[in-house]
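Quick note: the coordinates plus some simple rules give every number you see, no bench work behind them. This is a predicted model, so every value here is computed, not measured. Counting neighbours? That spans all protein chains shown, and the Cβs are built from the backbone with ideal geometry, glycine included.
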Amino acid sequence: MSSGSAAHRGIRVDSSLWPVVHMQVFADVTEADVDVAYDELESLVPRGRHVHLTDLRHVNPLTIPATLRKKFAERERRLAEVAEGVIMADARVVDHPVVRGLLTAFEWLVGDVPWPVTNHASERAALDWLRERGF
């Protein structure tokens, strides 16, 4: 469903505001949800350059099991391999400062991706950051 949105139990991917792809992650996310959502993200690569707006306000990284964190890291690395030069940025919305710090640790686990990743306290701040980059 790369023309609009794909709803998964724990993750929602919406490309209806192309070139901004909005992904929301919810507290009930499962490994299967991660696979389905990242398959959707990979299917968007042929459409061309775009950015991600990732909303993590509804999930607490402290409650995510290690196996699920590992699954996110695996799929993020795989996405980086297939989307280099296509995904231009990822602006994440994380409203709690401690959680923003934890995401820095997660980024260390994933390793470098070939696009800038930033964490913002609000969706408006994340969108402003993307607009400053021309999206």
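Checking residue 92 against (1) exposed (fewer than 15 other Cβ atoms within 10 Å of the Cβ); (2) closer than 19 Å to residue 14 by Cα, which test does it fail?
Answer for residue 92: the failing condition is (1).
Based on what the data block shows, is residue 79 surrounded by 14 or more Cβ atoms within 10 Å (Cβ to Cβ), under 12 Å from the mean Cα position of the chain (by Cα), over 16 Å from residue 21 (Cβ atoms) and not charged (D, E, K, R)?
So residue 79 does not fit the description; no.
Would you check which residues across the stretch 47-78 are within 20 Å of residue 116 (Cα to Cα) and not charged (D, E, K, R) and list them?
Correct list: 48, 50, 51, 52, 53, 54, 56, 72, 73.
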